[in-house]
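The values are calculated or read from the model by the stated rules, or taken from the named source; none is laboratory data. What you are looking at is a predicted structure, and each value in this text was computed from that prediction instead of being measured. Methodologically, a virtual Cβ is constructed for each residue, glycine included, from the backbone with ideal geometry; neighbour enumeration extends over all protein chains shown. Side chains are part of the model used for accessible areas, which takes the heavy atoms of the whole protein and leaves out ligands, DNA and RNA. Shrake-Rupley method; radii C 1.70, N 1.55, O 1.52, S 1.80 Å.
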Amino acid sequence: EVAIAGDEVLVLRGGTVYRMAAAALFAYASLVDGTDTTTINTIDVWVPIAGTLLQGSTSSSFSYAANQFTYNGITQAVPTRLSAKMSLLRVGGGSDIYEVGVFVNGILVGTGMSCTAQPSIEGFTYTENPHIMQTGDIIDMRVRNTSGTADCIITSAQLAIG
C-alpha cells in the first residue's frame, strides 16, 4: 500500500523492535556556477565548502540551514545513502588533488573519491556511503586538498540523502 504521512513500520531484529518511517527519506541541495573561494590552510584537513547550496526537494524528516541538513525523524533501522558530488577548480597555478567527504555530526562517513584540479581544468569528485540516520544527525559536505594547501573554487556541488 502507499504510505501516508506519519506512517511507521515496526521491524523486529534480534528480539528488539525498531521503528522507522514508512515513506522514503530524501533531501537534496545543490550549488551551480559557484565562484566563491574555499580557503584551505592545511594539507589534508577537511573544510566546509564556500558558497551556498540551495535546498531542493526534501522530505519532512529534514530541516535545512547553512549548507547542512538536520534529521528530525525517528532513528532508522536500515541505512540511508548519503552522497556528495562536486566540480572544482584549483586557485593559482599548478595542480592539486582534492577529495569530497560527507560528514554526520562532524565525523566523516566512509570514504570518497579524489580528483586532480587545475586553474583551467575542473576536477570532479564523488562519494556515496550508507549511514543509519538517528534523530538529530547533522549532515554536511566538506572538501580537502590531499597534496598541498592551494585553495579551490567549488563550481558545482550536490548533497543528497536517500
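Here are the numbers:
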quantity	calculated
Scan of the stretch 59-93 for residues that are under 14 Å from the mean Cα position of the chain (by Cα) and among the basic types (K, R), ordered by number	R81, K85
Filtered residues of the stretch 29-70 (kept if exposed (fewer than 12 other Cβ atoms within 10 Å of the Cβ) and touching a Gly at 6+ places or on another chain (Cβ under 9 Å))	T35
Long-range neighbours under 8 Å by Cβ, at least six apart or interchain, first residue under 20 Å from T80 (Cα atoms) within the stretch 108-134, second open to solvent by 40 Å² or more (accessible area, probe 1.4 Å) and among the aromatic types (F, W, Y)	L108/W46; G112/Y126; M113/Y126
Filter pass, F124 being open to solvent by 40 Å² or more (accessible area, probe 1.4 Å) and part of a strand (DSSP E or B)	yes
Residue that is most open to solvent (accessible area, probe 1.4 Å), among those in the stretch 143-162 that are in contact with a Ser or Thr (Cβ under 8 Å, 6 or more places away or on another chain) and part of a loop (DSSP other than H, G, I, E, B)	T149
Test: residue in the stretch 44-55 that is under 16 Å from the mean Cα position of the chain (by Cα), farther than 15 Å from F103 by Cβ, hydrophobic (A, V, I, L, M, F, W, C) and outside any strand (DSSP E or B)	yes
Test for L10: is it open to solvent by 70 Å² or more (accessible area, probe 1.4 Å) and modelled with pLDDT under 90	yes
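Per-residue answers, yes or no, for (1) open to solvent by 40 Å² or more (accessible area, probe 1.4 Å); (2) in a loop (DSSP other than H, G, I, E, B):
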{"site": "A77", "(1), (2)": "no, yes"}
{"site": "L82", "(1), (2)": "no, no"}
{"site": "S87", "(1), (2)": "no, no"}
{"site": "T111", "(1), (2)": "yes, yes"}
{"site": "N129", "(1), (2)": "no, no"}
{"site": "Q134", "(1), (2)": "yes, yes"}
